[in-house]
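Bear in mind that the values in this text are calculations on the coordinates, not laboratory data. Since the structure is predicted, the reported quantities are computational estimates derived from the model, not experimental observations. Positions of Cβ are generated from backbone atoms using ideal geometry, with glycine treated the same way; all protein chains shown enter the neighbour counts.
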Amino acid sequence: MKLPIICPSCENTLNVSQLKCSNCKTSVNGDYELPLLMKLSHENQAFILDFFLSSGSIKEMAKQAGLSYPTMRNKMDDMIDEIKNLKK
């Protein structure tokens, strides 16, 4: 099951309110903001993982996805802009 990151009612980013140890059942409650990368869509998280696993080669990622280098580069640039906006 994928962690929901967007509110289904207002489309705002969700926060974490409880963490629980699966071993001893200890719970920690609060209002915690998600880490920056977790605020990205699941698709963009997968893109970053693929980028890392391809040793940072956009050319290799484009080849594996059957896309042109400029198309993959544009996707990367869009993600960079999205991350910059999330950091504000």
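For the reader, a short list of remarks on this structure follows.
- Between F52 and R73, the modelled labels are 2.6 nm apart [label points 7 Å from Cα along Cα→Cβ].
- Note on the stretch 36-87: with charges restricted to the Cβ of Lys and Arg (+1) and Asp and Glu (-1), its dipole about the Cα centre is near 100 debye.
- Listed values for the stretch 13-18 are Karplus-derived 3J(HN,Hα) couplings in whole Hz (6.51 cos²θ - 1.76 cosθ + 1.60, θ = phi - 60°), namely 5, 7, 9, 8, 10, 8, and x replaces Gly and Pro.
- Above-threshold pairs, the threshold being 28 Å between Cα atoms, out of K2/K88; K39/K75; K39/K59; K20/K75: K20/K75
- Dipole size of the chain about its Cα centre, with +1 on Lys/Arg Cβ and -1 on Asp/Glu Cβ: approximately 200 debye, rounded to the nearest 20.
- Listed candidates [x] 5.4; [y] 10.3; [z] 8.0 - label of the one calculated as mean projected area of the Cα convex hull in nm²: [z]
- The chain, relative contact order in percent, only Cα pairs under 8 angstrom and at least six apart counted: 17 percent
- Fully extending the segment from S41 to Q18, taken as 0.36 nm per residue of separation minus the present Cα-Cα distance, adds 6.2 nm.
- For the stretch 48-58, 3J(HN,Hα) per residue [Karplus equation, 6.51 cos²θ - 1.76 cosθ + 1.60, θ = phi - 60°, Hz, x = Gly/Pro]: 5, 4, 4, 4, 4, 5, 8, 6, x, 9, 5
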